[in-house]
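A.B. asks: Supplied in structure tokens, the structure appears directly below.
The values are calculated or read from the model by the stated rules, or taken from the named source; none is laboratory data. All figures in this text were calculated on a predicted structure; none of them were measured in a lab. Cβ atoms come from the backbone with ideal geometry, glycine included; neighbour counts cover every protein chain shown.
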């Protein structure tokens, strides 16, 4: 794993498309990142980190990301409206290409149906309700990339592994809800599980890369964040409770 990228400049805050208004920062590598640190609870940083790696493992289009480091000397120079950004190790998502915008409802018909089905099952798997989009409202946590293939980019997984995940709300509001029937196909379900298994097995090594400051406070006391076991219990459902996991898709 790469070392955290040092942040050298804070440029502003994200506008449309990013639910937590992360800070737009320049890294020492010359690239711009949307940084979550201070404006997101450590539990959200953990789910971003785990969710992002799982999305990559499942072949989904997600902005590249890395750990970033914000030096205390930098935060001391920030104006008052940027003081929410604190020093330490944060989550940095590479800024999307020029021309991107937040996904809107009319874009959905232009997206690949197979990809939408994969997004739906992924969010169901990681218990992420936070990708909603309807005709009049929504919080898609997805970006439209014109003249790109794929033309969809997923962002924001800080609300994944939600213990209050609601099945009815999820299937009513998810931006890819119309692709639910794609998972009635048994062969497709079996192929997906084969892809998911190594991702599940990688959780322990992935957990070891989480910064200690996301797990404990300055007194080495545990923070109220999800444990690896809690996240594992979400991920192993298609393995240990296969019939229950797929039931919402096979009984439409």
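A.B. asks: Of all residues in segment 28-41, which are at pLDDT 95 or above and surrounded by fewer than 23 Cβ atoms within 10 Å (Cβ to Cβ)?
C.D. replies: Those that are at pLDDT 95 or above and surrounded by fewer than 23 Cβ atoms within 10 Å (Cβ to Cβ): 28, 29, 30, 31, 32.
A.B. asks: List the strands (runs of 3 or more DSSP E) that sit entirely inside segment 79-196 and contain at least 2 residues that are over 30 Å from residue 229 (Cα atoms), within 21 Å of the chain's Cα centre (by Cα) and in contact (Cβ under 8 Å) with a residue 24 or more places away in the chain.
C.D. replies: Correct list: 142-144.
A.B. asks: Taking into account only those residues within segment 8-22 that are touching a strand residue (DSSP E or B) at 6+ places or on another chain (Cβ under 7 Å) and under 17 Å from residue 100 (Cα atoms), which is surrounded by the most Cβ atoms within 10 Å (Cβ to Cβ)?
C.D. replies: The residue in question is 22.
A.B. asks: What is the one condition in (1) over 28 Å from residue 68 (Cβ atoms); (2) surrounded by 15 or more Cβ atoms within 10 Å (Cβ to Cβ) that residue 185 does not satisfy?
C.D. replies: Result: residue 185 fails condition (2) only.
A.B. asks: Additional query: Please specify each residue of segment 32-76 satisfying the condition of being touching a strand residue (DSSP E or B) at 6+ places or on another chain (Cβ under 9 Å), under 23 Å from residue 12 (Cα atoms) and without any contact (Cβ under 8 Å) to a residue 60 or more places away in the chain.
C.D. replies: 35, 37, 38, 39, 64, 65, 72, 75
A.B. asks: List the number of the failed condition for residue 29; all other conditions in (1) under 28 Å from residue 202 (Cβ atoms); (2) touching a residue at least 60 places away in the same chain (Cβ under 8 Å); (3) more than 20 Å from the chain's Cα centre (by Cα) hold.
C.D. replies: (2)
A.B. asks: So, residue 55, is that one under 30 Å from residue 194 (Cβ atoms), at pLDDT below 95 and under 17 Å from the mean Cα position of the chain (by Cα) or not?
C.D. replies: Judged against the criteria, residue 55 is not a match.
A.B. asks: May I pose another question? Among the residues of segment 210-236, write down those that are touching a residue at least 60 places away in the same chain (Cβ under 8 Å) and either closer than 18 Å to residue 67 by Cβ or surrounded by 15 or more Cβ atoms within 10 Å (Cβ to Cβ) (or both).
C.D. replies: Within segment 210-236, 210, 211, 213, 214, 215, 223, 225, 226, 231, 234, 235 qualify.
A.B. asks: Quick check on my filter: what residues within segment 205-230 are assigned to a helix (DSSP H, G or I) and within 27 Å of residue 87 (Cα to Cα)?
C.D. replies: 205, 206, 207, 212, 213, 214, 228, listed by residue number.
A.B. asks: For segment 42-77, give me each residue that is surrounded by 15 or more Cβ atoms within 10 Å (Cβ to Cβ) and more than 26 Å from residue 222 (Cα to Cα). Walk me through how you get there before you give the answer.
C.D. replies: Of all residues in segment 42-77, those surrounded by 15 or more Cβ atoms within 10 Å (Cβ to Cβ) come to 42-55, 57-58, 60-63, 65-70, 74-75.
If the condition is that a residue be surrounded by 15 or more Cβ atoms within 10 Å (Cβ to Cβ) and more than 26 Å from residue 222 (Cα to Cα), then 55, 57, 58, 60, 61, 62, 63, 74 are the ones that fit.
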